[in-house]
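Structure first, then comments.
Just so it is clear, none of the values below were taken in a lab; they were calculated from the coordinates. Computed from a predicted structure; not experimentally measured. Because the Cβ atoms are built from the backbone with ideal geometry, glycine has one as well, and the counts that use them run over all protein chains shown.
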């Protein structure tokens, strides 16, 4: 009997609360439909990822396409390329690999943690890649090139760790979310972004903190 497959009360409350907040504030600010749907599918994706559900990648596929449209209007080229060239295909890779590593009792993915050596290598590559990509975005005259680069590069590595089912992904997502909230607040002030996107990333941030705690507890039980 798959008793562990039942959602906890706080998880149900969290996904309902996040959905209602997105809808209420988006309607108040009269955001466009693309931005609202992108925000909703985005929060469902990250919450289901934290839960370890394969369905997160299905919502993630919809989100990557719509969010790329939103980012295009704000001239965040790094975000556009990240979503269409990277996230879109890796969603399908994630579906395949997660299906091979499911806990048959809970129907949630098996969670892992990095070794110290792997962590040092990854964090070193992050720093080098961030500076290198920022120069490319600066040449393209993108908005906030270094910040855009940091968000993009950290997202690339975080997605790899997500596919590999590593708890350290949430540390990177927290950094990505903080940086990206700043980016979209700037875009909103400049008139090229919408409030739904700011709120979406703020919810991502809270979710990443919650899921880091959840995944640490679960991996430490092994």
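Points worth noting:
- For the range 162-222, the spread of Cα coordinates along the three principal axes comes to 49, 17, 14 Å, biggest extent given first.
- In terms of the mean number of neighbouring beta-carbon atoms within 10 Å, the peptides 85-98, 41-54 order highest first as 41-54, 85-98.
- Sorted by Cβ neighbour density within 10 Å, fewest at the top, the residues 139, 81, 183: 139, 81, 183
- Ranked list, fewest to most other Cβ atoms within 10 Å of each Cβ, for 221, 99: 221, 99
- Projected onto its three principal axes, the C-alpha set of the range 38-165 covers 51, 36, 19 Å, listed from the longest axis down.
- Distant alpha-carbon pairs in the range 119-222 (separation over 25 angstrom), percent: 25
- The ranking of 112, 168 by Cβ neighbour count inside 10 Å, starting from the fewest, reads 112, 168.
- Summed over qualifying helices (DSSP H, 4 residues or more, each -39500 (n - 2.57)) and divided by its residue number, the chain shows a 222 nm mean residue ellipticity of -25500 deg cm²/dmol.
- The range 1-64 - convex hull of alpha carbons, volume per residue in Å³: 76
- Across the alpha-carbon atoms of the chain, the computed radius of gyration and Dmax are 17.1, 57 angstrom.
- Equivalent ellipsoid, the range 71-121 (semi-axes from 5 times Cα gyration tensor eigenvalues, Å): 29, 18, 9
- Sequence ranges 149-156, 186-193, ranked by mean other-Cβ count within 10 angstrom, highest first: 149-156, 186-193
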